[in-house]
1. With the contact rule set at Cα under 8 Å and sequence spacing of 6 or more, what percent relative contact order holds for the chain?
2. Sort 323-334, 170-181 by packing, meaning the average of other beta carbons within 10 Å per residue, with the highest value first.
3. Given that compact globular proteins tend to follow 2.2 N^0.38 Å, what is the ratio of the alpha-carbon Rg of the chain to that value?
4. What net charge is computed for the residues neighbouring L62, neighbours being all others with C-beta under 14 Å from the C-beta of L62, Lys and Arg scored +1, Asp and Glu -1?
5. Find the centroid of the Cα atoms in the range 271-348 and in the range 180-224, then give the distance between the two in whole Å.
6. Please name whichever of V255, A146, S222 sits farthest to the positive end of the charge dipole of the range 15-346, dipole taken about the Cα centre and charges placed at Cβ: Lys and Arg +1, Asp and Glu -1.
7. Find how much the distance from Q114 to T126 grows on full extension, using 0.36 nm per residue of separation minus their present alpha carbon separation; answer in nm with one decimal.
8. Could you tell me the calculated FRET efficiency between Q346 and D248, based on Cβ-Cβ distance and R0 = 25 angstrom, to the nearest 0.05?
Amino acid sequence: MKHATPFVSRLPLSLGLAAALLAGCAAPRPESGPAAGGAVPLVILDTDVGSSTDDLFALEMLYRYEDAGKCRLLGVVVDRPGEANAAFVDAMNAWAGRPELPVGLVRRGPADTQVFIDYARVADATDAGGRPLFPRTAPGDRPDGAALYRRLLSDAPDGSVTVCSIGFLTALAQLLESPPDGLSPLGGAELVRRKVARAVVMGGAFADGAEPEYNFAMDPESARTFFRLWPRDVEIVFSPAEVGDAIDYPPALVVSDLSRTDRHPIKQVYLQCNCDTGQRMWDALAAVQAVEGDAAFSLGGRGTVELSPDGRTAFVPSPSGNCRRQLPGSPAWNAAMLEKIRTFNQTR
């Protein structure tokens with residue numbers, strides 16, 4: 001999730017002080033597209049749900065892609081601390097017919113992150129008779145986010161997983177730093193190298209004069225760890241802020257598109273909360289990239305990404321780099337992408 005309002009003061013970008021450089025001489029794996037052998041992508045969603053609603057659309061789209069046989073959603077990692085945020089994801093999973101879908105929660109994460117739309121409470125909404133609109137599974141003990149990553153990756157075939165990161169990089173940093181355990185004899189970085197085909201990261205802003213992007217700036221230490229430890233032969237496709245900035249799904253249109261029912265978590269969020277906060281559909285684009293691959297986007301060439309101390313990003317072209325980035329679309333492309341998102345939201 002990226003928000004249009006800047007939250008980190010404008011500081012000069014210093015590439016000489018870049019905190020980390022992604023990709024060196026190691027050759028990245030093949031470009032993003034259908035999985036090898038025609039298998040569908042195995043997706044782990046990593047989200048800072050509990051603030052802006054574009055996370056909810058991304059999750060809903062992954063449900064729909066899975067229903068259509070285009071991906072398999074392995075689990076959801078909630079990287080914004082707070083049991084209520086994980087409970088909201090659980091409520092959405094149950095509503096979507098996936099009560100067994102595992103949800104992990106980061107508990108050692110940034111404590112002071114700005115919340116734009118405080119919608120987690122909507123998971124407890126009731127109908128006129130006081131009955132829950134969105135029954136949930138038994139709370140139980142949700143695993144730590146990095147622990148869920150380790151379990152899901154350990155169980156997956158080598159080179160099969162797409163990580164779709166649309167929030168802070170906290171859980172991924174903790175995964176990369178994790179030691180071998182009973183789930184896998186591999187440390188976190190080697191486990192990623194073995195199991196992950198690519199990561200799609202909603203984060204960064206590469207336009208001239210761009211402010212530090214929210215997802216990186218809210219937990220800069222984790223962002224630095226991610227950039228330092230991510231294996232250089234595992235591809236990262238960035239969905240930067242400037243691409244999603246142009247895709248606006250107005251609240252009135254969201255509610256209208258869901259006129260068929262009130263028993264929809266996203267509709268209830270829009271009915272009960274002020275969602276007219278300037279947000280855009282940043283996270284939905286990462287979900288499309290994770291499942292459909294490159295075909296839906298215009299992407300730049302390969303390179304590396306440098307992260308400055310204040311969270312700004314710079315893309316440095318390099319044919320051996322493991323990073324690529326989506327490029328802003330034309331007005332016609334933006335309109336078509338909004339229609340795609342609306343179609344997913346209208347389907348049930």
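What follows draws every value from the coordinates through simple rules; no lab data is involved. These figures come from a predicted structure and were not determined experimentally. Quick reminder, even Gly has a Cβ in these numbers, built from the backbone with ideal geometry, and neighbours come from all protein chains shown.
1. Values: 780 pairs, mean separation 92.4, N = 348.
Relative CO of the chain lands at 27 percent.
2. Details: 323-334: 17.2, 170-181: 21.7.
Top to bottom by mean Cβ count within 10 Å: 170-181, 323-334.
3. Values: Rg = 18.8 Å, N = 348, 2.2 N^0.38 = 20.3 Å.
That ratio works out to 0.92.
4. On the way: positive: R64, K70, R72, R98, K340; negative: D46, D54, D55, E60, E66, D67, D283, E292.
Here the charged neighbours net out to -3.
5. About 16 Å separates the Cα centre of the range 271-348 from the one of the range 180-224.
6. It is A146, whose Cα lies furthest towards the positive end.
7. Numbers: separation 12, 0.36 × 12 = 4.32 nm, distance 2.72 nm.
Separation in residues times 0.36 nm, less the Cα-Cα distance, equals 1.6 nm.
8. Numbers: r = 17 Å, r/R0 = 0.69.
After rounding to 0.05, the efficiency reads 0.90.
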